[in-house]
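The values are calculated or read from the model by the stated rules, or taken from the named source; none is laboratory data. Everything numeric here is computed off the predicted structure, so don't read it as measured data. Here the Cβ positions follow ideal geometry from the backbone for every residue, glycine too, while neighbour counts run over all protein chains shown.
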Amino acid sequence: MTTSAPAPRTPGSPGSSRTVAAACPVQEVAVGSGGHAGYLVTGYAEARQALADPRLSKDTAAFFADKNSKRRLHPAVARSMVATDPPEHTRLRALVTRAFTTGAVAGLRDFIARTADALLGQWPADGPADAIAGLAVPLPVIVICELLGVPEAERADVRRWSADLFADGRPDRIDAASHALAEYMIDLIARKRQRPGDSLLDRLIATRDGEDHLTEDELVSLACLLLVAGHETTANFIGTALLALLEHPAELAHLRSNPNDIPGALDELLRYDSPVSTATFRYTTQPLTLGGTRIPAGVPVQVAIGAANRDPARYPAPDHLALERDAAGHLAFGHGVHRCLGAPLAKAEAELALRAVLTRFPDLRLAVPPDELTWRRTRLVRGLVSLPVVT
């Protein structure tokens, strides 16, 4: 399913997502180049229901089987774990969940903190720095590549292919990136079989080669998914969270003076400007009713995470950043069986990145007016192209 990318949303601006959610939480929309019918969910309660409803399938292979699609995504990317339903999804998820538990992430905190400090040490002392290129992107890339055992010299390619997978309006570029990334992972897996190590990818290979719980296609697909999902949204979140604080001086000053409050502020920052604009593809396998709207079987349903997190029916004054707000129910990480398994890692990286930058640069401020910032043009995720700051 394809749609045009939403215009960059300035939090609190006229025409913001709260207006859409309040007016019509579920509405019929045209999707794809053919203008076929689909539904857009913007209300919080309706989005939460949709994300957990088993009648909404994520099995893209089944949906597009007879659609004569011209897309040429590599199967390892097209048929990833996020595009499956239970019990297949349950089995695959169980194989990687242990690597992303709160306890497992705790063991990475020192590495994450050291990496953040090293990145900030490279910022120029006498001029603007780009907080996206200099922190938000490389930090989660380094961490997930370290976890998977991707050699340092190959990480720039991984990041470029991942970014290309979200190039809205460029299906040729997306398809090419999917093949480049999958072919790279096939090669990396072959190299690791020759020289095994102790990375997460090595452990997945052992599962495939030892207990035979993974097919070769599943192994490659999981590796691609972990690489992309392990840093893409986290990089966007670090950037949007830092921008939100720079635009709210009182909240920024509070966290500077009380850095131990940063972990508690993350949920509100995630709610306020979610790094995921729209949840990944779903379609109805049976008729269902959402928000009083009857949706027939066999049609795509888009869940607008960013809009749902700004629904005034769930969050009063939703366009106001309030770090003291209890925002734990936000949908930035999804909901239900497909909730992001990397959430503990993403929050740890964001916490330590914000702590490092606010501590090191007490006078940090934007180098350009907010309306001059450039946003990525992509339907699924929301993130800045760059964030110029003065230290």
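Restricting to region 148-189, name every residue that is in contact with a Phe, Trp or Tyr (Cβ under 9 Å, 6 or more places away or on another chain), more than 17 Å from Gly230 (Cβ to Cβ) and of a type in the set (Val, Ile, Thr).
Across region 148-189, the qualifying residue is only Ile174.
Where in region 138-199 are the helices (runs of 4 or more DSSP H), entirely inside, with at least 1 residues that are at pLDDT below 90?
Once the helices (runs of 4 or more DSSP H) in region 138-199 are filtered for at least 1 residues that are at pLDDT below 90, what remains is 155-164, 171-194.
Checking Ser221 against (1) surrounded by fewer than 24 Cβ atoms within 10 Å (Cβ to Cβ); (2) farther than 17 Å from Ala131 by Cα; (3) not β-branched (Val, Ile, Thr), which single condition isn't satisfied?
Ser221 satisfies all of (1) surrounded by fewer than 24 Cβ atoms within 10 Å (Cβ to Cβ); (2) farther than 17 Å from Ala131 by Cα; (3) not β-branched (Val, Ile, Thr) except (1).
Which one of these is part of a helix (DSSP H, G or I) and modelled with pLDDT under 95: Ala47, Ala37, Ala61?
Checking each option against the conditions leaves just Ala61.
Out of (1) within 18 Å of the chain's Cα centre (by Cα); (2) modelled with pLDDT under 95; (3) within 30 Å of Leu120 (Cα to Cα); (4) surrounded by fewer than 22 Cβ atoms within 10 Å (Cβ to Cβ), what's the single condition that is false for Gly383?
(4)
Starting from region 67-84, take each residue that is farther than 22 Å from Gly336 by Cα and modelled with pLDDT under 80 and list its partners that are of a type in the set (D, E, K, R) and in a helix (DSSP H, G or I), counting only C-beta distances under 9 angstrom and pairs at least six apart or across chains.
Arg71/Asp175
Per-residue answers, yes or no, for (1) among the basic types (Lys, Arg); (2) under 27 Å from Asp85 (Cα atoms); (3) out of contact with any strand residue (DSSP E or B) (no Cβ under 6 Å at 6 or more places or on another chain):
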site	(1), (2), (3)
Leu225	no, yes, yes
Ala250	no, no, yes
Gly291	no, yes, no
Ala297	no, yes, no
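Does Thr233 count as part of a helix (DSSP H, G or I), on the phi < 0 side of the Ramachandran plot and touching a strand residue (DSSP E or B) at 6+ places or on another chain (Cβ under 7 Å)?
The answer is yes for Thr233.
So that you can scan it fast, the table gives a plain yes or no per residue for (1) more than 19 Å from Met81 (Cβ to Cβ); (2) in a loop (DSSP other than H, G, I, E, B):
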| site | (1), (2) |
| --- | --- |
| Leu321 | yes, yes |
| Gly334 | no, yes |
| Ala346 | no, no |
| Ala350 | yes, no |
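Please state which one of Thr278, Thr240 is among the polar types (S, T, N, Q), touching an Asp or Glu at 6+ places or on another chain (Cβ under 9 Å) and buried (at least 19 other Cβ atoms within 10 Å of the Cβ).
Answer to the selection: Thr240.
Hey, could you check region 341-391 for residues that are touching a Phe, Trp or Tyr at 6+ places or on another chain (Cβ under 6 Å) and among the small types (Gly, Ala, Ser) and say which is nearest to Ala250 (Cα to Cα)?
Ala350
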